[in-house]
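Please treat every number below as a calculation from the coordinates, not as lab data. Small disclaimer: the values here were computed from a predicted structure and weren't measured. When we count neighbours, we look across all protein chains shown, and the Cβ atoms used for this are built from the backbone with ideal geometry, even at glycine.
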Amino acid sequence: MNIKVFVAGHKGLAGSAVKRQLEKKGYQNIIFRTRQELDLRNREKVMNFFKAEKPDWVFLAAAKVGGIYANQNYPVDFLLSNLRIQNNVIEAAQISGTEKLLFLGSACIYPEKAAQPLKEDCLLNSKLAPANEPYAIAKIAGIKLCGAFNRQYGTDFLCVMPSNIYGLNDNYHMENAHVIPVLIRRCHAAKINNRPEFTVWGTGSQRREFLYSDDLAEACVFLMERHSAKNIGEIINIGTGSDCSIMELAEQIKDITGYKGNIVPDRSRPDGSNKRLLDISRINQLGWKSTMPLSKGLSIVYKDFIDNENIRK
Ligand SMILES: NC(=O)c1ccc[n+]([C@@H]2O[C@H](COP(=O)([O-])OP(=O)(O)OC[C@H]3O[C@@H](n4cnc5c(N)ncnc54)[C@H](OP(=O)(O)O)[C@@H]3O)[C@@H](O)[C@H]2O)c1
């Protein structure tokens, strides 16, 4: 419990959950830096930080993250910022002697037409979905870099691929947010302004899998404590094993908020991939399963949204 753990991105959705999970388990020596204190795109600063702190473990949950809109409008940021952050942190970890690192990838790394549910071995089998290609290419480069360090330098750098994450500390920014915060915000606004409807992007038929951030964090700490890159392989999926359509998700959010109006698909907007469901048999075989039902997770998140409404961007 005294090992020094650096959580990169500790204020974000995934990173804050990892920090909570480590604290809950009694880890005493967790270190973190805000972006203002340490911009992870700055190689020199990252190298100096690692040289001074020498963390034993690193959870790399800092990244430029966003939904379809942000991916389409800021492709340079998604490619370049993510490459810079992960290159700096992964290399600095090896140089400073970090014992273990966990790199957070994404289900977006899998090819658009891969068979569902998505197995780990379909990585790079065929073309990526164009909607988030820059982000996916950066994440794939991160996976390959961890693998390369493991082969060349004998490091133990693990790569996990979570499905869509939701939970406390999510980003509700109108441009950059993911589907759950966007729908919560729109539905809540429609309710308090007595609007007759709110929209979902695309047809609403596209299917997605949603993982509660504290479940993700539990899986990440479980893997770091009990497993190594050697036994999990190049990448491992983390998900719930079930998906729902975006329209079904919007209906659940409508029920939770108590909104009585209609949900209207905005067909002028892109759908993204038709379906993205992970095959989670490998992590299940290792002994981990998610526990948070979507309806309960959404209720917790909606309460958090209401409680912190006045401080939302
Ligand atoms: N959200 C999802 O649905 C999802 C799904 C699968 C995988 N993932 C992966 O999980 C990881 C975390 O995602 P998330 O949803 O937790 O993202 P998030 O909520 O946006 O958090 C990202 C964190 O990274 C920090 N950060 C970004 N750029 C930085 C920089 N240049 N220097 C220092 N810190 C920086 C942010 O700091 P600020 O607070 O200052 O912005 C924030 O704390 C990412 O690798 C992502 O690819 C996310």
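Sorting check: for 17-25, 112-120, which peptide has the highest mean count of neighbouring beta carbons within 10 Å, and how do the rest follow?
Values: 17-25: 19.6, 112-120: 17.6.
For the peptides 17-25, 112-120, the packing ranking is 17-25, 112-120.
Provide the per-residue ³J(HN,Hα) series for the range 244-256, in order, calculated from phi with Karplus coefficients 6.51, -1.76, 1.60 and θ = phi - 60°, each as a whole number of Hz, with x at glycine and proline positions.
Values, residue by residue: 8, 6, 5, 5, 5, 4, 4, 4, 4, 5, 4, 4, 5 Hz.
Helix 294-307 against the longest principal axis of the chain: what's the angle in degrees, Cα atoms only, rounded to the nearest 10?
So the inclination is approximately 90 degrees.
Tally the DSSP beta bridges in the chain and give the antiparallel ones as a percent, rounded to 5. Could you put the intermediate results ahead of the total?
Working: 2 of 31 bridges.
Around 5 percent antiparallel, to the nearest 5.
Using only Cα atoms, tell me the angle between helix 43-53 and the longest principal axis of the chain; keep it within 0 to 90° and round to the nearest 10.
So the inclination is approximately 70 degrees.
To test your reading of the geometry: what angle, between 0 and 90 degrees and rounded to tens, separates the Cα axis of helix 13-24 from the longest principal axis of the chain?
60 degrees
How fast does the range 104-249 diffuse by Stokes-Einstein, in µm²/s, taking the Kirkwood radius from C-alpha pairs at 37 °C and 0.692 mPa s?
Values: Rh = 17.1 Å.
Using the Kirkwood radius from Cα pairs, D works out to 192 µm²/s.
Using Cα pairs closer than 8 Å and at least 6 residues apart in sequence, work out the relative contact order for the chain, in percent. Each step should come with its number before you reach the end.
Values: 588 pairs, mean separation 61.6, N = 313.
Contact order relative to length: 20 percent.
I want to check the label-to-label distance for V76 and N194. Put each point 7 Å from Cα in the C-beta direction and report it in nm to one decimal.
With each label point 7 Å from Cα toward Cβ, the separation is 4.7 nm.
Do any of K127/K254; K11/K144; K113/K303 go past 29 Å between their Cα atoms, and which? Write down the numbers at each step before the final one.
Numbers: K127/K254 36 Å; K11/K144 26 Å; K113/K303 37 Å.
K127/K254; K113/K303, as the Cα separations exceed 29 Å there.
Given the convex hull over the Cα atoms of the range 169-234, what projected area results after averaging over all orientations, in nm²?
Details: hull surface 27.8 nm².
Averaged projected hull area, Cα only: 7.0 nm².
Using the Karplus curve 6.51 cos²θ - 1.76 cosθ + 1.60 with θ = phi - 60°, what ³J(HN,Hα) values do you get for each residue of the range 27-42, in whole Hz, with x for Gly and Pro?
Listing the rounded values in order: 5, 9, 10, 9, 10, 7, 9, 6, 4, 5, 6, 8, 7, 5, 7, 8 Hz.
Using amide H atoms built 1.01 Å from N in the peptide plane, name the residues 5+ places from I238, or on other chains, whose amide H lies under 5 Å from its own.
M161, S163
Test of understanding: what is the full-extension gain from D307 to R151, defined as 0.36 nm times their sequence separation minus their Cα-Cα distance?
Values: separation 156, 0.36 × 156 = 56.16 nm, distance 4.74 nm.
Extending this stretch completely gives an extra 51.4 nm.
Taking R0 as 30 Å, what's the FRET efficiency between M174 and K45 from their Cβ-Cβ distance, rounded to 0.05? Please report the intermediate quantities before stating the final value.
Values: r = 31 Å, r/R0 = 1.03.
Rounded to the nearest 0.05, the efficiency is 0.45.
Between K144 and D121, what FRET efficiency follows from the Cβ-Cβ distance if R0 is 22 Å, with the result rounded to 0.05? Write out the running numbers ahead of the final one.
Values: r = 15 Å, r/R0 = 0.69.
The calculated FRET efficiency here is 0.90.
For every helix of n ≥ 4 consecutive DSSP H residues, a contribution of -39,500 (n - 2.57) applies; sum these over the chain, divide by its total residues, and give [θ] at 222 nm rounded to the nearest 500 deg cm²/dmol. Could you put the intermediate results ahead of the total?
Working: 11 runs with 128 residues, N = 313.
Calculated mean residue ellipticity at 222 nm is -12500 deg cm²/dmol.
Roughly speaking, what % of Cα-Cα pairs in the chain are separated by over 34 Å, rounded to a whole number? Could the numbers behind the result be given before it?
On the way: 9631 of 48828 pairs.
So the portion of pairs separated by more than 34 Å is 20 percent.
In terms of the Cα gyration tensor, with a ≥ b ≥ c the square roots of its eigenvalues, is the range 236-313 rounded because a/c is under 1.5, prolate because a/b exceeds b/c, or oblate?
On the way: a/c = 2.24, a/b = 1.39, b/c = 1.61.
The shape class here is oblate.
Which length gain, in nm to one decimal place, applies between E99 and K25 when the Cα-Cα distance is subtracted from 0.36 nm times their residue separation? Intermediate values should be presented prior to the final figure.
Values: separation 74, 0.36 × 74 = 26.64 nm, distance 1.94 nm.
Answer, rounded to one decimal: 24.7 nm.
How large is the dipole of the chain about the Cα centre if only Lys and Arg carry +1 and Asp and Glu carry -1, each at its Cβ, rounded to the nearest 20 debye?
260 debye
Taking square-rooted eigenvalues a ≥ b ≥ c of the alpha carbon gyration tensor, is the range 75-136 rounded, prolate or oblate, where a/c under 1.5 means rounded and, failing that, a/b exceeding b/c means prolate?
On the way: a/c = 3.64, a/b = 1.61, b/c = 2.25.
Note, shape of the range 75-136 comes out oblate.
If we count other beta carbons within 10 Å of each Cβ, what is the order of C108, C159, C122, fewest first? Please list the in-between numbers first.
Working: C108 23, C159 27, C122 17.
In order of increasing Cβ crowding within 10 Å: C122, C108, C159.
Would you kindly derive the ³J(HN,Hα) couplings of the range 129-146 from the backbone phi angles with the Karplus curve 6.51 cos²θ - 1.76 cosθ + 1.60 (θ = phi - 60°), listing them in order in whole Hz, with x for Gly and Pro?
My calculation for the range 129-146 gives 5, x, 4, 10, 4, x, 5, 5, 5, 4, 5, 5, 4, x, 4, 5, 5, 4 Hz in order.
Please say if the range 94-186 is rounded, prolate or oblate, where rounded means a/c under 1.5 for a ≥ b ≥ c the square roots of the C-alpha gyration tensor eigenvalues, and otherwise the choice is prolate for a/b larger than b/c and oblate otherwise? Can you show the working numbers first?
Values: a/c = 2.49, a/b = 1.44, b/c = 1.73.
Taking the square roots of the gyration eigenvalues as a ≥ b ≥ c, the range 94-186 is oblate.
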